[in-house]
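Worksheet: the structure to be examined is printed underneath.
The values are calculated or read from the model by the stated rules, or taken from the named source; none is laboratory data. Just so you know, these numbers come straight off a predicted model, no measurement behind them. When we count neighbours, we look across all protein chains shown, and the Cβ atoms used for this are built from the backbone with ideal geometry, even at glycine. Surface areas here come from the heavy atoms of the whole protein model, side chains and all, with no ligands, DNA or RNA. Shrake-Rupley method; radii C 1.70, N 1.55, O 1.52, S 1.80 Å.
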Amino acid sequence: MVASMTPTTHHRICPLCEACCGLEIKVQDNKVISIRGHEADVLSRGYICPKGAALKDLHEDPDRLRTPLIKRAGEHVPATWDEAFAEIERRLPPVLAAHGRDSVGVVVGNPAAHKIGLLTYFGKLARALGTKNIFSASTLDQMPKQLASGLLFGHWLSIALPDIERTDLLIVLGANPVVSNGSMWTVPDFRGKAKALRARGGEMIVIDPRRTETAALADSHHFIRPNSDVFLLAAMVHTLFAENLIALGSVANWVQGVDEVRAATLPFTPEVCAARCNISAETIRSLARKMAHAKRAALYARIGTCTQEYGTLASWLVDVINTLTGHLDQIGGLLFAKPAAFGSNTQGNAGMGKGISTGRHHSRVSQAPEVYGELPIACMAEEMETAGAGQVRALITVASNPVLSSPDGPRLSAALDKLDFMLSLDIYLNETTRHADVILPGISPLEDFHYDVAFPQMSWRNHARVSHPLFERPEHQPEEWQTILKIAAIVQGKGAQTDANALDDAAFEQAAQRMAGAHAAELMAATAHLRGPRRMVDAALRTGPYGLSLSEVEAARDVGGIDLGELAPRIPELLRTPSGKVELAPASLIQDLARAKQDLNGIRPDLVIIGRRDVRTNNSWMHNLPILAKGPFRCTALVHPQDATKRGMKDGDTVTLRNGSRSVQAIVHVTDEMMPGVVSLPHGWGHNAAGARLAVASERPGSNINALLDPNLRDPLSGNSVLGGVPITMTLAL
Ligand SMILES: Nc1nc2c(c(=O)[nH]1)N[C@H]1C(S)=C(S)[C@@H](COP(=O)(O)OP(=O)(O)OC[C@H]3O[C@@H](n4cnc5c(=O)[nH]c(N)nc54)[C@H](O)[C@@H]3O)O[C@H]1N2
Ligand SMILES: Nc1nc2c(c(=O)[nH]1)N[C@H]1C(S)=C(S)[C@@H](COP(=O)(O)OP(=O)(O)OC[C@H]3O[C@@H](n4cnc5c(=O)[nH]c(N)nc54)[C@H](O)[C@@H]3O)O[C@H]1N2
Ligand code: SF4
Ligand SMILES: [Mo]
């Protein structure tokens with residue numbers, strides 16, 4: 001804790017995106033005076049982006065909530081923590097008692113992945129509720145990638161990562177890591193690493209409907225028609241078989257299903273697929289040959305390939321190509337991380353496991369299958385609107401802003417208004433939380449302990465790093481894990497007065513059994529001085545593959561963390577599939593490929609819409625920070641000159657974008673960086689909701705692309721929403 005006249009220096013991990021950069025923060029008189037990249041950080045080596053520096057603005061933002069709010073007569077008014085918990089106790093248990101467990105839904109959003117208290121305790125709330133209605137941002141994002149990886153390798157978090165510092169060829173499909181700083185791949189300073197790749201004679205190819213900031217660094221760029229990656233990828237696989245380019249390399253003994261893949265991709269000839277995806281047959285063949293001939297190569301794909309109708313198929317075929325060309329589990333190809341703690345594929349029996357399954361239950365209205373314990377977020381509105389047993393009548397949102405981030409926000413907004421009770425764990429009164437009856441704020445990241453649970457499982461280099469609070473949290477404000485345990489106690493009928501620490505002790509005893517089995521008592525004794533997430537981290541580190549402890553990782557904080565070295569081959573030990581092999585041809589995917597085959601000659605709409613990210617934004621919630629909000633307006637619709645001319649439009653015009661009965665207005669920016677026939681509008685905008693408290697963001701609200709999108713359009717296997725490649729019309733606004 002800090003209260004000094006001379007500046008003090010602190011090191012912590014940036015909690016804002018998956019790059020997880022190490023920061024060096026100087027503090028004086030209890031104020032942040034500077035934030036820069038921590039040069040010694042073992043993972044990020046001094047890199048920082050503008051958002052990292054904006055943590056100061058976040059910490060100081062007057063709109064960031066510091067006390068609970070209760071809605072009284074339509075107005076959100078400040079309340080004490082005791083009053084807020086009492087209000088929850090008054091309103092939530094009766095809903096459960098009258099309508100059963102499924103009548104309370106929970107939705108968890110992106111920042112929860114960066115707040116250890118939320119990430120490690122959310123599950124306890126979901127279990128306490130016992131509801132099937134669990135939703136998250138995963139089905140707006142990476143669920144297809146997780147499903148495909150789970151089917152191939154046996155666990156949802158076994159993600160094959162490009163070995164960027166040692167590769168000769170990197171193909172980037174549907175991702176813009178120069179702006180996003182990487183996703184499902186923790187790779188701070190992607191730009192620096194891509195430049196180094198090219199400087200050592202390597203090649204980078206980008207395939208994207210927009211000539212992106214990442215494409216600007218590449219040797220070549222190809223426009224691809226949105227929503228058609230499955231056709232490009234299947235045709236590449238077809239080519240590998242047709243030209244005898246299959247060479248599995250060191251994993252040859254650990255792969256099954258090659259023949260099934262060959263048979264299933266036979267119909268996808270480059271000639272047939274070229275017209276569908278807008279990439280010539282010759283280019284398709286040349287991409288396949290390049291992957292086959294390069295000694296060290298990696299094909300990387302991300303959200304552009306997930307948020308589409310064939311998201312799981314596309315994600316699967318990416319790793320099929322990586323495997324068939326001998327780059328899986330190869331130095332300079334694709335490798336798997338080996339995290340120091342919480343690694344799902346460092347636990348249990350090495351080399352074999354249960355694998356994954358989906359569809360253990362289904363959503364009530366659309367019958368969408370459960371995937372990784374949750375239902376598609378786009379089903380949330382219909383579950384609230386449709387009467388009958390199991391109707392969602394109360395909702396808990398945890399760091400989630402689905403009114404802006406999920407399809408048909410306006411419909412969701414209307415459904416939230418009709419709930420019997422809504423509780424939000426959030427730090428802003430925004431487009432979603434304005435509907436809540438009670439809002440419980442989380443503490444500022446600078447007041448919080450942190451250890452990344454998920455991202456070391458996807459990091460370009462193995463490491464262990466931890467963050468400590470720089471500032472004391474406001475008096476009486478609980479840490480977020482304590483808040484969650486209190487709510488869990490309320491829904492279990494234990495009452496709001498229950499001591500969170502006692503609940504935590506009981507829960508930890510069970511966790512210790514799971515982690516250490518016969519040695520559980522020893523583990524409990526070794527960690528007895530800790531509580532909450534700190535104790536979980538210590539226990540996970542001690543039982544992890546490097547046998548570290550929290551105090552060892554803490555001791556390395558100011559020297560940039562503990563470097564656990566380059567990624568190394570892990571097959572077969574990593575596998576958790578029932579066969580103990582890489583299951584290259586899962587039945588569900590082979591079957592789904594038939595759906596794509598039906599669509600080989602599918603319609604090619606005149607105009608479709610896709611999304612976009614900007615380095616100064618982070619989904620829907622950082623537009624209120626002055627340092628990021630300044631500068632040119634970013635929520636513009638990018639339109640190719642041909643498309644603009646055809647419709648009599650010019651730069652700066654306001655246009656109406658329409659998808660059936662849904663429409664939004666946006667300002668046009670004409671640019672040939674777009675593929676003709678494709679419009680790009682970023683997501684996370686539309687900050688003009690009445691009752692929200694976002695002074696800076698509401699000055700330039702922007703438009704909500706998700707108001708255009710249809711919640712019924714989903715990848716059927718993963719339940720992921722289709723957020724791109726959706727046909728629209730565009731007319732000049734009157
Ligand atoms: N059309 C379109 N839509 C998209 C996408 C797209 O590409 N196109 N991308 C999708 C993707 S990848 C994602 S991940 C989702 C993200 O969508 P969401 O999961 O809804 O995440 P955010 O938009 O980041 O909103 C985060 C919420 O968490 C709150 N919050 C921030 N920090 C904290 C904290 O420390 N504690 C608590 N309790 N709350 C906090 C914020 O105030 C905000 O309400 O959006 C998706 N939506
Ligand atoms: N600055 C910033 N960084 C972020 C975020 C942010 O909002 N701002 N959000 C974070 C989150 S939650 C996530 S999940 C990651 C996402 O990280 P990325 O996946 O790198 O996300 P994007 O920058 O949206 O890049 C997706 C690319 O796919 C392209 N695309 C769209 N449709 C298609 C298609 O059908 N096929 C192909 N091949 N390409 C297509 C788009 O033009 C875009 O260039 O970024 C994270 N980092
Ligand atoms: S890239 Fe920027 S936002 Fe992401 S972790 Fe690094 S500093 Fe933070
Ligand atoms: Mo995301």
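Here are some notes:
- Each Cα pair under 8 Å and six or more residues apart adds its separation to the average, and for segment 643-727 the resulting relative contact order is 25 percent.
- Here Asp499 sits with roughly 90 square angstrom of accessible surface, probe radius 1.4 Å.
- Cα gyration tensor shape for segment 608-732, rounded if a/c is under 1.5, else prolate or oblate: oblate
- Average accessible surface area per residue within segment 608-732, 1.4 Å rolling probe, Å²: 38 Å²
- Between His529 and Arg514, full extension at 0.36 nm per residue minus the direct alpha carbon distance yields a gain of 3.4 nm.
- Extension gain, Arg36 back to Glu165 (0.36 nm per residue minus Cα-Cα distance, nm): 44.1 nm
- Probe 1.4 Å, all protein chains present, accessible-area order of Glu382, Glu583, largest first: Glu583, Glu382
- Flagged links, alpha-carbon separation over 22 Å, of Lys31/Lys51; Lys56/Lys195; Lys51/Lys145; Lys295/Lys354; Lys338/Lys581: Lys56/Lys195; Lys51/Lys145; Lys295/Lys354
- Between Ser663 and Asn712, the distance separating the two model label sites (each 7 Å from Cα on the Cα→Cβ line) works out to 2.1 nm.
- Other residues within the sphere of radius under 13 Å centred on the Cβ of Gly561, judged by their own Cβ, net out at -3 (K and R +1, D and E -1).
- Sorting Ile25, Ile246, Ile35 by accessible area puts them as Ile246, Ile35, Ile25; the probe is 1.4 Å, largest comes first, and only protein heavy atoms count.
- Protein-only accessible surface order, largest first, of Ile171, Ile590 at 1.4 Å: Ile590, Ile171
- Three semi-axes describe the equivalent ellipsoid of the chain; taken as square roots of 5 times the Cα gyration tensor eigenvalues and ordered largest first, they are 37, 31, 26 Å.
- Qualifying lysines (Cα of each under 27 Å from Cα of Lys71; at least 8 residues distant if same chain): Lys115, Lys124, Lys418, Lys486, Lys494
- Backbone N under 17 Å from the His476 label point (7 Å along Cα→Cβ), restricted to segment 58-77: 65-71, 77
- The slack between Thr671 and Leu266, meaning 0.36 nm per residue of separation minus the straight C-alpha distance, is 142.0 nm.
- A crude spin-label estimate for the pair Ser286 and Lys418, with each label 7 Å from Cα along the Cβ direction, gives 5.6 nm.
- Expected 222 nm ellipticity per residue - DSSP helices of 4 or more, -39500 (n - 2.57), all of the chain, to 500: -8500 deg cm²/dmol
- Proximal aspartates and glutamates to Lys193, defined as alpha-carbon separation beneath 19 angstrom and excluding residues fewer than eight positions away on the same chain: Glu18, Glu39, Asp41, Asp163, Glu165, Asp168, Glu203, Glu213, Asp219, Asp563, Glu566
- Calculated translational diffusion coefficient of segment 1-151 (37 °C, 0.692 mPa s; Stokes-Einstein with Kirkwood radius over alpha-carbon pairs) equals 172 µm²/s.
- Value of Rg/Rh across segment 179-314 [Cα atoms, Kirkwood radius]: 0.96
- Nonpolar atom fraction for the chain, defined as the carbon and sulfur part of the 1.4 Å probe accessible area, stands at 51 percent.
- The alpha carbons of segment 499-555 give a radius of gyration and a Dmax of 10.7, 34 Å, in that order.
- FRET efficiency, Arg101 to Ala733 (Cβ-Cβ, R0 41 Å, nearest 0.05): 0.30
- Calculated FRET efficiency for the pair His361/Ala247, C-beta based, R₀ 45 Å, to 0.05: 0.60
- With R₀ set to 25 Å, the beta-carbon distance separating Glu522 from Ala350 gives a calculated FRET efficiency near 0.65.
- For segment 61-155, accessible area per residue (1.4 Å probe, heavy atoms of protein chains only), Å²: 34 Å²
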